[in-house]
Every structure is written in structure tokens, then in C-alpha cells.
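First the structure, in the form of C-alpha cells, and then the observations on it.
Nothing in this text is a laboratory measurement; each read-out follows from the coordinates by a stated rule. Note that the structure is predicted; figures quoted are calculated from it, not measured. Here Cβ is always computed from backbone atoms with ideal geometry, including for glycine, and neighbour counts include all displayed protein chains.
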Amino acid sequence: MQMRTQFTLISLAAVVALGGCANMNEVQRGTATGAGVGAGIGAVLGATVGPGGGRRAATGAAVGGAAGAVIGNIWSSRMEQQKRQMEQATQGTGVQVTQTQDNRLKLDIPSDISFDTNRSDIKPNFRPILDRFASGLVENPYSRVTIVGHTDNKGGDAINDPLSVNRAAHTRDYLASRGVASNRISVDGRGSHEPLVSNDTEANRARNRRVEIFVAEPQATAQSPQYGQPASGR
């Protein structure tokens with residue numbers, strides 16, 4: 001009973017920590033989110049492994065919270081600057097530029113400016129957007145990029161799954177050709193498995209054919225020297 005009570009209190013503390021994010025700035029919010037999730041995971045592991053579950057839950061929450069604070073994302077001035085740059089570069093194109101709840105920059109790029117139907121070659125009018133995007137990534141070497149391709153439901157998985165991956169991979173290759181290290185970029189393809197809307201009309205299918213690009217600056221880089229400044233020696 002004591003273990004259950006302590007575990008419940010720890011879980012509630014993690015929830016309260018996450019709820020308090022509403023009163024924090026973006027950097028603090030990213031850290032607190034990671035810490036809250038880490039505390040919850042740490043409490044579960046501590047309570048279920050070995051004797052002394054109550055004490056282990058408390059210890060696990062503390063360790064998990066510290067680890068979570070490290071792995072959370074931050075919304076730095078560099079991220080904010082790139083968001084503003086991309087908003088200007090994509091104005092009127094249909095590209096949506098947003099900040100996600102976990103402090104990532106997201107570009108939602110519709111198919112009509114990125115790829116032709118059943119093709120993975122980058123269209124000419126998509127290149128200037130990627131050029132500007134690549135410039136921001138070069139200026140923030142600590143950020144990491146995830147590119148996810150999506151399709152509509154025409155053609156079946158045998159066609160759509162590799163097509164979505166190829167679109168993401170070609171986007172990565174283009175960014176790499178503009179000076180972004182390819183090891184900073186991961187790619188994924190979801191085929192038609194994550195539609196935004198039902199594939200019941202051509203307009204809706206067009207919405208589902210898209211590429212999503214996410215940029216994250218991990219919390220661990222918050223202590224890294226600013227770009228262009230040498231690290232202090234020991």
C-alpha cells in the first residue's frame with residue numbers, strides 16, 4: 001500500500017510538472033516536458049524492479065527526470081530565427097510552418113509544389129524553399145532533421161510505401177547538396193497509412209500527398225558553445 005501511495009504521488013508530481021509548462025518560456029517548456037516524461041518512466045521502473053519499491057520509485061523518478069531534462073528539445077533563438085525565415089520564404093506557397101508542442105520546427109509541404117504524382121524528383125519550385133531551409137540548418141549545426149514522406153491511397157502499399165521513402169530521401173539528398181551534413185538527417189516514409197483527411201475526393205487525396213520536415217535542437221546542445229565560438233579547454 002505504501003509503495004502504491006508513493007508511486008501515485010510521484011506520478012501526480014510528473015503530471016503537475018507538465019501542466020506547469022503553460023507558465024514557462026519555450027526553453028523551459030522543452031526541458032520540463034522531457035523531465036516530466038522521464039520522471040514518470042523512472043518511477044515505473046523503480047517501483048517494479050527489485051525490493052524497496054517505494055524508495056526505488058522515488059529514486060527512479062529523480063534519475064528519470066534528470067535524463068528527461070537532457071533529452072528534451074529547446075526552442076532557442078536560432079530555432080525562432082529559422083522559423084521566421086521559413087515563414088517569409090514560403091509565404092503564399094501553401095507550406096505550413098509551425099512550432100510543435102515538443103519544440104520542433106515543422107514544415108508541412110503539399111504535393112503540388114514538391115513532387116509530381118507518382119514521382120520522387122523534386123520540382124523546380126520546391127528548390128528555392130529548400131535552399132533557404134538549408135541555409136538555416138547550416139547556421140544551426142546542433143539541430144537535427146527528420147523528413148517524413150506521405151502518399152494518398154491510390155496504387156497500394158507496394159507502390160506507396162517505397163515512394164514515400166524515396167521522396168523523403170531525395171529531399172535529404174538535396175539538403176546535403178546544399179551543405180547540410182547527411183548524418184544530421186533521418187528519413188522515413190509512411191505511405192498512405194497516416195492521412196490527414198479521408199481519401200474520398202481528389203482534393204483530399206492531394207492534401208494527403210505531402211512531405212513533413214521536422215527540425216529539433218536537443219536539450220543536450222543547450223550547453224554547447226555558440227556556432228563560431230571555440231569550446232573552453234580543460
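Once the Cα-Cα distance is subtracted from the 0.36 nm per residue extended length, the Glu80 to Asp157 segment shows a gain of 24.0 nm. Rounded to the nearest Hz, the phi-derived 3J(HN,Hα) couplings of the range 142-147 under the Karplus curve 6.51 cos²θ - 1.76 cosθ + 1.60 (θ = phi - 60°) are 8, 6, 10, 10, 10, 10, where x marks glycine and proline. Quick one: in the range 81-234, what % of C-alpha pairs are over 26 Å apart? For the range 81-234, the fraction of Cα-Cα distances above 26 Å is 27 percent. Across the range 209-216, coupling constants 3J(HN,Hα) worked out from phi with the 6.51/-1.76/1.60 Karplus curve, θ = phi - 60°, read 7, 7, 10, 10, 10, 10, 10, 10 Hz, and Gly and Pro carry x. For the listed peptides 164-177, 109-122, 205-218, a ranking on the average number of other beta carbons within 10 Å per residue, highest first, reads 205-218, 164-177, 109-122.
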